[in-house]
Amino acid sequence: MANTRCRRITAAAALAASLFTQTAVAGLYPGVSNLNHTCSLVDPILSCSSGASDPSAVDTCCTETFGGLVLATQFWNTYTGFESEGQVLPKNAWTVHGLWPDFCNGSYTQYCDLTRQYDPLPSPNTTTGTPDGTPVPAWRGPDIGTFLAPLGKLDLLAWMNAHWVAQPGWRNGDFWGHEFSKHATCYSTFDVECYGPQYREHEEVADFFETAVAFHRRLPTWAWLEASGVRPSNASTFSLADFTGPLTQGFGAVPYIGCAGPKYNTTDAGKGSSDAGYTVINEIWYYYHVYGRVQRQQGLAVDANITGGRLTNCAQTPGALHYYERTTGSEV
């Protein structure tokens, strides 16, 4: 399943994807030892700063040198498609989408280590998203959620089933496999070598999930919006400023606000308008630079357009947006 990012992979990112998947067994940086990565012994360096620009000058397990622009992303969905199986949405809360590592220039790559590919439906199906990229084989084993019980993470698994809920039509475990394989393998600090000689199989998987959850729990999108009087409604419409204002105030920087649904100028209300933005609120991306390891969970909030990108794909005409209520029976 593809995420909703509409930016293209740049030529540099495509080249990086090809290079690093060829050396996947050695992680993102060939030759990294599995010894001497006690990150508490070094001062944390801010990702995307000059101090993190040269991977050969720092411990890449203790400083995020690859995916230094970190996006904590959230969904607003109204149903799951698997309500009959107990896959439902949390009441009065947005759900986790993922924790993505962009390059510091805003471009990105994916599926950086095919030895840790647990996505049953890889999207895109090559490492570069183009026909000349390395094919990403579909995972045919058990879903990634089964990796957590042997590590004693049943509480984490339960929380994820309640709050890290897949987009409609996808089961949770398959979606988590997609998020880990496509994104977590492109952080330097989640390389297997960073976990030392006593590494336990899939330890970094649980670590990534815990880290993504920790970032999400500090971003109460529902509460920030509700405090400003913005609640889901099937009867009312909203303006982009209704979301940008309270979320910027709560986060401390401007997030990216994502929409789906029809473009405004294709609707009856927008007929004849030049506004081609989408009209159904469904996603928020919060951007950070991080101090030291991503697992340290200490980020510096930055504006979503820090690299020159857009702040939204939503319609900007006042009253053009829908923030729909959850479907009856789809949340608990």
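Criterion first (hydrophobic (A, V, I, L, M, F, W, C) and surrounded by fewer than 22 Cβ atoms within 10 Å (Cβ to Cβ)) does Ala304 satisfy it? In short, no. Checking each residue in the stretch 275-316 for being hydroxyl-bearing (Ser, Thr, Tyr), touching a Gly at 6+ places or on another chain (Cβ under 6 Å) and more than 15 Å from Ala214 (Cα to Cα) picks out Tyr278, Thr279, Thr307. For the stretch 209-247, a residue qualifies if it is more than 30 Å from Thr146 (Cβ to Cβ), buried (at least 19 other Cβ atoms within 10 Å of the Cβ) and of a type in the set (Val, Ile, Thr), and exactly one does: Val230. Taking the criterion of being more than 23 Å from Arg326 (Cα to Cα) and among the acidic types (Asp, Glu), the only residue of the stretch 222-274 that qualifies is Asp268.
Do we find that Thr115 is in contact with a helix residue (DSSP H, G or I) (Cβ under 9 Å, 6 or more places away or on another chain), modelled with pLDDT under 95 and not small (Gly, Ala, Ser) in this structure? Criteria not met by Thr115. If you filter the stretch 59-88 down to residues that are in a loop (DSSP other than H, G, I, E, B) and of a type in the set (Gly, Ala, Ser), you find that the one that is nearest to Gln167 (Cα to Cα) is Gly81.
Return a yes/no flag: does the stretch 59-80 have any residue that is surrounded by fewer than 16 Cβ atoms within 10 Å (Cβ to Cβ), out of contact with any Gly (no Cβ under 8 Å at 6 or more places or on another chain) and at pLDDT 95 or above. The answer is no, given that none of the residues of the stretch 59-80 is surrounded by fewer than 16 Cβ atoms within 10 Å (Cβ to Cβ), out of contact with any Gly (no Cβ under 8 Å at 6 or more places or on another chain) and at pLDDT 95 or above.
Hey, could you check the stretch 39-50 for residues that are among the polar types (S, T, N, Q) and without any contact (Cβ under 8 Å) to a residue 24 or more places away in the chain and say which is nearest to Gly68 (Cα to Cα)?
Ser50
Among residues that are at pLDDT 95 or above and exposed (fewer than 15 other Cβ atoms within 10 Å of the Cβ), Ala276 is included. Restricting the stretch 257-284 to residues that are touching a residue at least 60 places away in the same chain (Cβ under 8 Å) and of a type outside the set (D, E, K, R), the residue that is nearest to Trp100 (Cα to Cα) is Ile284.
Would you tally the residues in the stretch 18-52 being modelled with pLDDT of 95 or more and in a helix (DSSP H, G or I)? So the count comes out to 6. Where residues in the stretch 89-130 are part of a loop (DSSP other than H, G, I, E, B), out of contact with any strand residue (DSSP E or B) (no Cβ under 6 Å at 6 or more places or on another chain) and of a type in the set (A, V, I, L, M, F, W, C), which of them is surrounded by the fewest Cβ atoms within 10 Å (Cβ to Cβ)? So, considering only residues that are part of a loop (DSSP other than H, G, I, E, B), out of contact with any strand residue (DSSP E or B) (no Cβ under 6 Å at 6 or more places or on another chain) and of a type in the set (A, V, I, L, M, F, W, C), the one surrounded by the fewest Cβ atoms within 10 Å (Cβ to Cβ) is Leu121. Taking the criterion of being of a type in the set (A, V, I, L, M, F, W, C) and within 22 Å of Ala166 (Cα to Cα), the residues of the stretch 113-140 that qualify are Leu121, Val136, Ala138, Trp139.
Okay, residues lined up against (1) part of a loop (DSSP other than H, G, I, E, B); (2) over 23 Å from Cys48 (Cβ atoms); (3) touching a His at 6+ places or on another chain (Cβ under 9 Å):
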site: Lys271; (1), (2), (3): yes, yes, no
site: Ala276; (1), (2), (3): yes, yes, no
site: Asn282; (1), (2), (3): no, yes, no
site: Trp285; (1), (2), (3): no, no, yes
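Listed by first and then second residue, the pairs linking a residue in the stretch 71-85 that is farther than 29 Å from Gln295 by Cβ to a residue that is among the basic types (Lys, Arg) and not in a strand (DSSP E or B), with Cβ atoms under 6 Å apart and 6 or more places separating them unless they lie on different chains, are Thr78/Arg326.
The values are calculated or read from the model by the stated rules, or taken from the named source; none is laboratory data. The structure displayed is predicted, hence computed values, not measured ones. Cβ coordinates were reconstructed from backbone atoms using ideal geometry, including for glycine residues, and neighbour counts include every protein chain displayed.
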